[in-house]
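Inspection log for the structure reproduced underneath, given as structure tokens.
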Amino acid sequence: MSTILTIAQGVYQRLMKSRILYVIVVFCLFAIAYSTLYSAVTAGEETKLMKDIGLAGIAVAAMLISIMVGSTAIPKEIESRTIQTLIAKPVRKYEFILGQFLGAVYVALLSIAIMAVGFIIILAIKTHALNLVMFKPLILVCFEAIVLVAVSVLFSTFCSSMVSSILAVVVYIAGHLSYQIPFLVERAGNVVTKFVGLLLYYVLPNFQYFNVKAPAAHGICIPWGLIFGVILYGAIYTAIMLLVSVAIFKNKDFA
Amino acid sequence: MLAIKTEHLAKIYKTGGKETKAIQDLNLEVSPNQIYGFLGPNGAGKTTTINMLLGLAAPTTGTAWILEKQIGDIEIKQKIGFLPQSPYFYESFSSVELLNFYGKIFKIPRKERYKKIEELLDMVGLTDSRKIPLRKFSRGMLQRIGIAQTLINDPDLVFFDEPIAGLDPVGRKEVMDTILNIKRQGRTVFFSSHVLHDAETLCDSIGILDKGKLIVSGKLKDLLDPKESLEEYFLKLIEKKRGEKT
Ligand SMILES: Nc1ncnc2c1ncn2[C@@H]1O[C@H](COP(=O)(O)OP(=O)(O)O)[C@@H](O)[C@H]1O
Ligand SMILES: [Mg+2]
């Protein structure tokens with residue numbers, strides 16, 4: 001275990017030295033602050049809109065950061081051949097993968113946490129109340145980020161960081177739309193179309209599960225049972241992504 | 001006890017329908033406590049061999065033992081050090097951060113690790129540039145931190161892939177002195193080079209590789225005539241071997 005954590009810590013240390021993360025986090029916070037503090041909307045509508053914008057902003061920034069850190073960690077080690085020095089030390093390939101994954105996840109969650117705290121503070125300034133219910137949708141944003149890091153890591157075991165990040169964005173978008181597949185499939189006459197449709201439906205991560213932003217912004221209470229169910233789904237999906245990554249990596253040469 | 005032993009080791013690369021026999025039927029024996037020079041022209045298969053020994057590439061056929069343990073056993077890696085060809089390290093790390101990271105990989109306790117880091121930085125003369133990110137390092141400095149990194153775990157056997165290539169005369173001399181020093185500490189050194197002159201002054205034994213085949217291996221003093229340089233011997237040998245084939 002400690003080898004994995006050492007590798008994760010290394011990933012984290014190096015990521016914290018790159019400025020791009022700070023840029024995204026700070027930009028996101030500014031965008032939320034600007035659009036909420038200066039929005040000229042009638043009272044009442046106001047806080048609902050603020051919450052909508054804030055949550056959406058954090059979700060988009062979280063997506064960008066997750067894909068960025070997830071799809072660059074491994075290719076960086078391969079392209080700069082630092083992986084050779086590391087694998088020649090007592091490091092198993094699965095420890096290497098899990099270390100890269102955990103380091104990337106840590107950075108993604110840290111960024112989300114900073115944005116979340118900033119968001120709650122901005123909300124508090126505007127509404128003079130602590131909107132702690134906002135943490136519920138944010139928890140799911142965190143788990144969506146974990147799944148997205150795992151998806152990016154999987155792509156990055158066989159693609160360059162550029163290709164992996166593009167594929168991860170495609171999966172992100174498709175994963176948010178895939179909940180509509182069953183309705184479309186019902187109408188499709190062709191058996192092959194049906195089969196491909198359902199296959200996609202089950203293979204793609206169902207990101208719409210993680211999206212409870214709208215009801216949360218409208219003040220509808222989200223039951224904890226639902227949240228835990230989604231977390232479990234995310235955990236299983238992540239575990240599968242990592243198992244496949246390890247399997248792909250196992251027989252790879254680093255020459 | 002042998003430091004390294006390979007048995008019918010072979011690697012065939014298949015790229016785009018083309019087969020490259022990078023290493024064929026390699027049977028190598030390296031005894032401990034010496035400097036072994038693994039020599040041969042570019043493309044002979046030196047790096048491929050080292051990569052297989054370190055588990056970076058899987059042999060197509062054959063197997064090998066390092067310090068009496070078969071490759072694939074992760075235990076081996078506790079006792080070896082490795083400097084890749086034209087090495088490159090995490091460029092945002094400083095020397096201290098890099099050595100600390102690798103020290104943690106070996107699970108060296110903190111106090112001991114810090115002491116070791118100071119010792120190694122002193123040994124390779126990087127104490128004053130300890131905080132500078134590696135991206136600002138010159139080729140020679142990178143090679144020196146690379147060598148320091150191989151010793152963090154007090155290895156019995158150290159692999160250097162082309163450690164002297166691409167360095168200026170001063171850098172070459174420094175690296176060669178360091179390698180001699182490492183041997184004096186009681187470690188076995190296995191290094192590859194296509195620069196024969198350097199090998200001659202450094203090695204106790206050599207193996208010569210050409211086109212994926214080991215054409216000779218043994219103690220330097222047994223192989224060479226008293227007045228013959230390694231360069232002359234090498235050219236003679238390669239000519240002879242290549243002549244045989246055609
Ligand atoms: N990853 C690879 N894919 C295909 N061919 C390779 C690969 N690595 C090395 N080779 C080929 O194997 C041969 C031996 O290369 P190498 O071991 O790097 O030689 P050396 O280190 O002695 O210069 C060369 O012909 C090289 O082109
Ligand atoms: Mg080489």
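Numbers below:
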item	result
Cα gyration tensor category, rounded, prolate or oblate, for segment B:13-96 with a/c compared to 1.5	oblate
Angle in degrees between helix A:45-79 and the longest Cα principal axis of chain A, rounded to the nearest 10	10
Dipole of the protein assembly as shown, positive end: most advanced residue of A:ALA108, B:PRO163, B:LEU237 [Cβ charges, Cα centre]	A:ALA108
Theoretical FRET efficiency, 1/(1+(r/R0)^6), r = Cβ-Cβ of A:PHE27 and A:ILE222, R0 25 Å, to 0.05	0.35
Overall form of segment A:2-250 per C-alpha gyration tensor (a/c, 1.5; a/b vs b/c)	oblate
Test item: Cα-centred dipole of segment B:155-242, Lys/Arg +1 and Asp/Glu -1 on Cβ, debye	300
Assigned charges on the beta-carbon of Lys, Arg, Asp, Glu; segment B:72-145 dipole about Cα centre (debye)	160
FRET efficiency, B:ASP73 to B:ARG110 (Cβ-Cβ, R0 30 Å, nearest 0.05)	0.60
Mean Cβ neighbour count within 10 Å, used as a protection proxy, ranking B:72-78, A:92-98 highest first	A:92-98, B:72-78
Förster radius 56 Å - calculated FRET efficiency between B:ASP154 and A:ILE125 (Cβ-Cβ, nearest 0.05)	0.45
Paramagnetic reach from A:PHE158 (point 7 Å along Cα→Cβ, amide N under 20 Å) across segment A:54-82	A:70-79
Inter-label distance for B:SER31 and B:GLU239, nm, one decimal - labels placed 7 Å from Cα along Cα-to-Cβ	3.2
Simple spin-label estimate for A:LYS252 and B:ALA165 in nanometres, 7 Å along Cα-Cβ	2.4
Chain B: projected area of the alpha-carbon convex hull, averaged over directions, in nm²	14.5
Residue-averaged 222 nm ellipticity for the protein assembly as shown, from DSSP H runs of 4+ at -39500 (n - 2.57), nearest 500	-19000 deg cm²/dmol
Within the accessible area of segment A:2-250 (1.4 Å probe), percent carbon and sulfur	75
DSSP-defined antiparallel bridges as percent of all bridges, the protein assembly as shown, nearest 5	55
DSSP bridge orientation in segment B:4-244 - percent antiparallel, rounded to nearest 5	55
Label-zone membership for segment B:1-28, site B:ALA58, 7 angstrom Cα→C-beta point, backbone N under 13 Å	B:12
Inter-probe distance in nm under a simple model that places probes 7 Å from Cα toward Cβ, at A:VAL244 and B:SER92	2.8
Accessible surface buried once B binds A (1.4 Å probe; total of both sides; Å²)	2600
Dipole moment magnitude, nearest 20 debye, the protein assembly as shown about Cα centre, only Lys, Arg, Asp, Glu C-beta charged	500
Projected-area average for segment B:44-91 over all orientations - Cα convex hull basis, square nanometres	4.3
Largest to smallest accessible area among B:LYS18, B:LYS241 [probe 1.4 Å]	B:LYS18, B:LYS241
Cα centroid of segment A:175-213 to Cα centroid of segment B:166-211, whole Å	62
For the protein assembly as shown, the spread of Cα positions along each principal axis, largest first, Å	98, 61, 33
For B:47-59, mean number of other protein chain Cβ atoms within 10 Å	4
Neighbouring partner chain Cβ atoms per residue of A:78-85, average, 10 Å criterion	6
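The values are calculated or read from the model by the stated rules, or taken from the named source; none is laboratory data. The model shown is predicted, which means the values in this text are computed figures rather than measured ones. Please note: Cβ atoms are built from the backbone with ideal geometry, for glycine as well, and neighbour counts cover all protein chains shown. Protein only, heavy atoms only, side chains kept; ligands, DNA and RNA dropped before computing areas. Shrake-Rupley method; radii C 1.70, N 1.55, O 1.52, S 1.80 Å.
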